[in-house]
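The values are calculated or read from the model by the stated rules, or taken from the named source; none is laboratory data. This one's a predicted model, so the numbers in the text were calculated from it and none came from an experiment. Ideal geometry is used to build each Cβ from the backbone, glycine not excepted, and the neighbour counts take in all protein chains shown. The protein model used for the area step is the full one, side chains on, heavy atoms only, and it has no ligands, DNA or RNA in it. Shrake-Rupley method; radii C 1.70, N 1.55, O 1.52, S 1.80 Å.
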Amino acid sequence: MRDVRNYNLLAHNTFGINATCRRFVEFETAQEAASFFSSYSLGVEPLLLIGGGSNLLLTGDFPGLVLRSDIKGMTAREVDGHVLLRCGSGEVWDDVVEYCVSQGWHGAENLSLIPGDVGASAVQNIGAYGAEVKDILVEVEAIEMATGQMVTFTNADCEYAYRDSRFKHDWKNRFFITAVTYRLEKSFQPRLEYGNIRQKLAAEGIDHPTAEQLRQTIINIRNEKLPDVKVEGNAGSFFVNPVVSREKYLELEALYPGMPHYTIDEEHEKIPAGWMIEQCGWKGRTLGHAGVHSRQALVLVNRGGATGQEVLRLCQAVQEDVLHRFGIEIHSEVNIV
């Protein structure tokens, strides 16, 4: 266990914001975490739980306690023809996907190269290219921070929705995730309908991809669209794609023929936030030391030396313009602290 005072969080946020916290505690085992919480009094100071920092915007120094899992390890067992893979919450998510593909365990390929740790996958219900982690998540092991007691939640307990879970609402700062178990298939059924996956595969002359080929194609697509955090700090997609009523969609479609959308059900449509941001003229623009990425308008970037406040001001300016033009509120997917 690491326990450090006045700790710099620069290495723990992919936006590259230089900020410190009053105290930083990192656990290597669930037992360390349970022991810590059994004697820790909640509510005496501000509390922040982080993973890889890839979904975090620090707007200044944090005046309280930052907690992080460095709990590693992956163990697999076969049940009823499926593979159940239990992963420590501090494992890097994409390392898990890579391992699954190498072992011939399927279901996570479309989630390749999503940044962050295993624990965050369960909080955020991460998703991409027609897949969400809730599709393969079986259970979440955690510690109740008020008591130090270990608890286990099923997929249903977590009430997963689009980029959402109870861990972001009534369970926020109540449970410290220590492990997540995923269910993988031994047979490969590729999901190719979302985005330009088929187009990219066709360009390579691939009609029936292997899991390895599908994973590499998605990695290539993401690398083409998203900036390298080592060059321009960012947190990936900054905004959630809004879901609107079909009535609202039809109203906008009459004004913007051919507007991209994804049907959720008979009454709801999802409209790409990046498209609306681009229509507002923000793609590639800079405000202070922060900007909107030139290839993907969903991504806000640190042009170099940006403060968290500068990124926040950019976020708010983009939100205001989208609301004014389309009458739709777009919300941050990133945790703003």
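Summary of values
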read-out: Residue in the stretch 194-217 that is open to solvent by less than 70 Å² (accessible area, probe 1.4 Å) and among the aromatic types (Phe, Trp, Tyr) present; value: no
read-out: Residue among GLY291, GLY284, GLY236 that is open to solvent by less than 70 Å² (accessible area, probe 1.4 Å) and part of a loop (DSSP other than H, G, I, E, B); value: GLY284
read-out: Filter result for the condition that a residue is in contact with a Lys or Arg (Cβ under 6 Å, 6 or more places away or on another chain), closer than 24 Å to ALA30 by Cβ and open to solvent by 10 Å² or more (accessible area, probe 1.4 Å), over VAL151, VAL138; value: VAL138
read-out: Every residue from the stretch 194-233 that is in contact (Cβ under 8 Å) with a residue 24 or more places away in the chain, of a type in the set (A, V, I, L, M, F, W, C) and part of a helix (DSSP H, G or I); value: ILE197, ALA211, LEU214, ILE218, ILE219, ILE221
read-out: Listing of strands (runs of 3 or more DSSP E) fully contained in the stretch 58-122 that carry 1 or more residues being more than 28 Å from ASP3 (Cα to Cα); value: 74-79, 82-88
read-out: Out of SER54, SER35, SER69, sole residue that is in contact with a helix residue (DSSP H, G or I) (Cβ under 6 Å, 6 or more places away or on another chain), touching a residue at least 60 places away in the same chain (Cβ under 8 Å), surrounded by 15 or more Cβ atoms within 10 Å (Cβ to Cβ) and among the polar types (S, T, N, Q); value: SER69
read-out: Residues located in the stretch 270-281, provided they are under 13 Å from LEU323 (Cα atoms), open to solvent by less than 40 Å² (accessible area, probe 1.4 Å) and in a helix (DSSP H, G or I); value: ALA273, MET276, ILE277
read-out: Candidate set from the stretch 170-192 (those that are assigned to a strand (DSSP E or B) and charged (D, E, K, R)); member that is least open to solvent (accessible area, probe 1.4 Å); value: GLU185
read-out: Odd one out for GLU247 among (1) surrounded by 14 or more Cβ atoms within 10 Å (Cβ to Cβ); (2) free of Cβ contacts under 8 Å to residues at least 40 places away in the same chain; (3) in a helix (DSSP H, G or I); value: (1)
read-out: Residues of the stretch 1-32 that turn out to be open to solvent by less than 40 Å² (accessible area, probe 1.4 Å), out of contact with any Pro (no Cβ under 9 Å at 6 or more places or on another chain) and under 24 Å from PHE167 (Cα atoms), as a count; value: 10
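Matching residues to (1) aliphatic (A, V, I, L, M); (2) farther than 21 Å from LEU10 by Cα:
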{"residue": "VAL44", "(1), (2)": "yes, yes"}
{"residue": "GLY52", "(1), (2)": "no, no"}
{"residue": "GLY81", "(1), (2)": "no, yes"}
{"residue": "VAL101", "(1), (2)": "yes, yes"}
{"residue": "TRP105", "(1), (2)": "no, yes"}
{"residue": "GLU109", "(1), (2)": "no, yes"}
